[in-house]
Amino acid sequence: MKSVTDILAADRLERDDLLALIGARDEEGRRALYRRADDVRRATHGNVVHLRGIIEFSNYCRCDCLYCGVRASNKRVARYRMSEEEILRAAETIAEAGIKTIVLQSGEDLAYTSEAFGEIIREIKRRHDVAITLSLGERPREDYERWREAGADRYLLKHETANRALYERLHPTQSFDERIDALRLLKEIGFQTGSGNVVGFPDQTDEDIADDLLLCRELDVDMASFSPFLPADDTPLADLPSPPLWKTLNVMAAARLVLPDAHIPATTALSAMDPEGRALGLRAGANVVMPTFTPNEFRFNYLIYNAKPGGSEDPTKKLDDLRALLDRLGLRVGDDYGHSVKTKQTAG
Ligand code: SAH
């Protein structure tokens, strides 16, 4: 088998190369991989990290994903829906913190009609000079079109796993083909589009993960998120372990090599798994952080996975900590929208 160093010398990474990078356990190989990912990140994005302020505005969900804490069959979840006014207030906090992207995320909650949600997008855009990313799952084409029209710039819809059989086992209410069709449709409608996977699903192989990276390359995504599986109480996968930290870092670093332009976050799940997770992610190819601005009264019910306790402090304080961390890493917060490097679209 080729060494990590041999692989890193190649021009284009093939499936076998990715497989070796994802599985690299030895300290030396991993260090070389992360260093290369860090170099590529710097070459494409400079020393800038983009912040995306996220509002998790509803935990109602019609889906029943086996791993997700807010799945429809979880009757223990205290469900909430933020009103337009509550969403606008959270959006204002983000804009006032100087953050240039607002992410609106929720379960698949049809109570927000296409029209009503379009109005929320329009109103945020009218009040603030920000880009908007949506992450509310699969909806009909008309909804995507209306929301794009209303001013939404980006859409996150992870394919979760490229292994069709595994996808369908984990997502009993959804179909793999529909997920991929939705991603293509979002691109066609003009959204900067994000996909990605979860690392550490049961029965997921390194081959599956290599396919995740190749699928992201084929879809030519603008954003890609790779988060470690974290068990969620009251779900069928509640007793399963998380993957080792290095595994997700390897995947992120390999993703940076395959998708040099993409915006790749150091996910909240990575920080939830390890206090050093965020810093390590930012040194293994990530260039985005997504701090939450969901009001505390709702946040603790948006438990898609079991979060570590603590962290109820004020978002502004957490932002100061984040800025200090970036400083230590020789990085700085971007002051523009942080749009896709490919499209260079303008917000507004
Ligand atoms: N309803 C939206 C948003 C889902 S939540 C949608 O379908 O796109 C956002 C992401 O959280 C999901 O894409 C999934 O990858 C991740 N997630 C959910 N449960 C998780 C868990 N237990 N561990 C790690 N990531 C999880």
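For segment 109-118, the candidate set comprises residues that are of a type outside the set (Ser, Thr, Tyr) and open to solvent by less than 20 Å² (accessible area, probe 1.4 Å); within that set, the residue that is farthest from the ligand (Cβ to nearest atom) is Gly118.
Determine whether Leu257 is open to solvent by 20 Å² or more (accessible area, probe 1.4 Å) and aliphatic (A, V, I, L, M). Even if it seems obvious, please write down each step before you answer.
Numbers: open to solvent by 20 Å² or more (accessible area, probe 1.4 Å): yes; aliphatic (A, V, I, L, M): yes.
Taking the combined requirement at face value, the residue satisfies it.
Does at least one position in segment 315-334 carry a residue that is away from the ligand (no atom under 14 Å from the Cβ), modelled with pLDDT of 95 or more and in contact with a Phe, Trp or Tyr (Cβ under 7 Å, 6 or more places away or on another chain)? No, that holds for no residue.
Every residue, every condition in (1) outside any loop (DSSP other than H, G, I, E, B); (2) more than 16 Å from the ligand (Cβ to nearest atom); (3) free of Cβ contacts under 8 Å to residues at least 12 places away in the same chain; (4) out of contact with any Cys (no Cβ under 8 Å at 6 or more places or on another chain), yes or no:
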residue	(1), (2), (3), (4)
Ala272	yes, no, no, yes
Gly281	yes, no, no, yes
Ile304	no, no, no, no
Tyr337	no, yes, no, yes
Ser340	no, yes, no, yes
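Taking the criterion of being closer than 18 Å to Ser135 by Cβ, within 13 Å of the ligand (Cβ to nearest atom), touching a strand residue (DSSP E or B) at 6+ places or on another chain (Cβ under 9 Å) and not in a strand (DSSP E or B), the residues of segment 231-270 that qualify are Thr267, Thr268, Ala269, Leu270. Taking the criterion of being on the phi > 0 side of the Ramachandran plot and small (Gly, Ala, Ser), the only residue of segment 149-175 that qualifies is Gly151.
Can we say Glu207 is closer than 30 Å to Gly23 by Cα and open to solvent by 20 Å² or more (accessible area, probe 1.4 Å)?
In short, yes.
If you go through segment 111-134 and keep only what is touching a residue at least 40 places away in the same chain (Cβ under 8 Å) and either in a helix (DSSP H, G or I) or among the small types (Gly, Ala, Ser) (or both), you end up with Ala111, Lys125, Ala131. For Arg127, the requirement of being away from the ligand (no atom under 16 Å from the Cβ) and touching a helix residue (DSSP H, G or I) at 6+ places or on another chain (Cβ under 9 Å) is met.
Residues in segment 213-223: is at least one in a helix (DSSP H, G or I), open to solvent by 50 Å² or more (accessible area, probe 1.4 Å), modelled with pLDDT of 95 or more and not β-branched (Val, Ile, Thr)?
So the first thing to find is which residues in segment 213-223 are in a helix (DSSP H, G or I), and the list is 213-219.
From what's left, open to solvent by 50 Å² or more (accessible area, probe 1.4 Å): 217-218.
Imposing the further condition that a residue be modelled with pLDDT of 95 or more reduces the set to 217-218.
Next, from what is left, pick out any that are not β-branched (Val, Ile, Thr): 217-218.
So far as segment 213-223 goes, yes, one or more of its residues are in a helix (DSSP H, G or I), open to solvent by 50 Å² or more (accessible area, probe 1.4 Å), modelled with pLDDT of 95 or more and not β-branched (Val, Ile, Thr).
For segment 283-301, taking the residues that are within 14 Å of the ligand (Cβ to nearest atom) and among the β-branched types (Val, Ile, Thr), the one that is nearest to the chain's Cα centre (by Cα) is identified as Thr292.
Restrict the check to segment 99-110 and report whether at least one residue is farther than 18 Å from Tyr337 by Cα, assigned to a loop (DSSP other than H, G, I, E, B) and β-branched (Val, Ile, Thr). No, because not a single residue in segment 99-110 is farther than 18 Å from Tyr337 by Cα, assigned to a loop (DSSP other than H, G, I, E, B) and β-branched (Val, Ile, Thr). Among the residues of segment 173-198, those identified as over 18 Å from Pro265 (Cα atoms), away from the ligand (no atom under 14 Å from the Cβ) and in contact with an Asp or Glu (Cβ under 8 Å, 6 or more places away or on another chain) are Lys187, Ile189.
The values are calculated or read from the model by the stated rules, or taken from the named source; none is laboratory data. Quick caveat, the model's predicted, so the values are computed rather than measured. With ideal geometry, Cβ positions are generated from the backbone for all residues, glycine too; neighbour counts draw on all protein chains shown. Ligands, DNA and RNA are excluded from the accessible area calculation, which covers all protein heavy atoms including side chains. Shrake-Rupley method; radii C 1.70, N 1.55, O 1.52, S 1.80 Å.
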